[in-house]
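To start, the structure under review is shown below, and the notes come after it.
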């Protein structure tokens with residue numbers, strides 16, 4: 001079942017933790033010109049099928065130091081930036097503390113406060129530490145889990161146009177339905193941070 005991530009978070013999916021959303025669903029704040037993109041260090045993880053978690057032939061991408069964030073309202077500035085590149089259905093919160101994946105959408109997570117250690121691809125997958133100004137782009141099917149975060153850790157999450165997430169947990173019976181979903185998810189036409197150019201297009205188009 002496809003879900004609206006805002007509604008899922010508001011329903012208590014984080015065990016009672018409060019969610020922080022944009023003022024109105026679909027409202028696009030005016031761009032904050034103080035946000036700056038920078039040439040990031042790109043880490044690409046090609047994660048094999050883990051059995052319970054399908055993962056993807058597309059590499060998961062980590063952009064280290066991709067953004068120089070404004071001090072006033074970095075989340076709003078990030079939202080304006082990703083909206084300008086046609087990514088949306090966005091939300092503000094953390095990352096779930098259990099393994100999960102999405103079979104119906106690719107996901108971008110842009111860190112605007114704090115830091116976290118995230119495991120990718122399941123129990124034996126790689127671990128990355130992400131900080132404010134970093135971006136993770138997660139292909140449909142790739143597992144991710146928060147292993148521990150600073151108390152102020154927050155991300156903006158977003159999806160390509162016409163893509164809406166489901167929630168999958170690596171449970172028996174999810175596959176092969178989720179594999180079929182993943183095969184139908186279209187490649188995004190833009191990078192959420194860099195737009196018409198950027199590492200996402202370079203790395204993912206090379207996999208076609």
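The values are calculated or read from the model by the stated rules, or taken from the named source; none is laboratory data. Bear in mind the structure is a predicted one, so any value in this text is a computation, not a measurement. Every residue, glycine among them, receives a Cβ derived from its backbone with ideal geometry; neighbour counts consider all protein chains shown.
Can residue 52 be described as within 18 Å of residue 138 (Cα to Cα), crowded, with 16+ Cβ neighbours inside 10 Å, touching a helix residue (DSSP H, G or I) at 6+ places or on another chain (Cβ under 8 Å) and modelled with pLDDT of 95 or more? No, not satisfied.
The condition of being closer than 20 Å to residue 118 by Cα, touching a strand residue (DSSP E or B) at 6+ places or on another chain (Cβ under 8 Å) and modelled with pLDDT of 55 or more holds for only one of 41, 6, that being 41. For the stretch 114-148, the set of residues classified as touching a helix residue (DSSP H, G or I) at 6+ places or on another chain (Cβ under 7 Å) and part of a strand (DSSP E or B) consists of 137 only.
Among the residues of the stretch 149-163, the one identified as within 12 Å of the chain's Cα centre (by Cα) and outside any strand (DSSP E or B) is 160.
Among the conditions (1) surrounded by 17 or more Cβ atoms within 10 Å (Cβ to Cβ); (2) more than 15 Å from the chain's Cα centre (by Cα); (3) farther than 19 Å from residue 50 by Cα; (4) in contact (Cβ under 8 Å) with a residue 24 or more places away in the chain, the only one that residue 110 does not satisfy is (2). Among the residues of the stretch 118-126, some residue qualifies, meaning at least one is surrounded by 13 or more Cβ atoms within 10 Å (Cβ to Cβ), within 15 Å of the chain's Cα centre (by Cα) and in contact (Cβ under 8 Å) with a residue 60 or more places away in the chain. Just to be sure before I move on: is residue 179 in contact (Cβ under 8 Å) with a residue 24 or more places away in the chain, assigned to a helix (DSSP H, G or I) and surrounded by fewer than 19 Cβ atoms within 10 Å (Cβ to Cβ) in the structure I sent? Yes, satisfied.
Selection of first residues in the stretch 71-97 that are touching a residue at least 60 places away in the same chain (Cβ under 8 Å) and of second residues that are assigned to a helix (DSSP H, G or I), restricted to Cβ pairs under 6 Å at least 6 apart or on distinct chains, gives the following pairs, ordered by first then second residue: 90/79; 91/5; 91/6; 92/75; 93/9. Restricting the stretch 182-208 to residues that are touching a strand residue (DSSP E or B) at 6+ places or on another chain (Cβ under 9 Å) and assigned to a loop (DSSP other than H, G, I, E, B) leaves a set whose member that is nearest to residue 73 (Cα to Cα) is 193. Can you tell me which residue is nearest to residue 161 (Cα to Cα) among those in the stretch 55-88 that are out of contact with any strand residue (DSSP E or B) (no Cβ under 7 Å at 6 or more places or on another chain) and crowded, with 20+ Cβ neighbours inside 10 Å? So the residue we want is 81.
Highlighted here are the strands (runs of 3 or more DSSP E) found entirely within the stretch 37-99 that include at least 3 residues which are under 15 Å from residue 200 (Cβ atoms): 41-45, 60-64.
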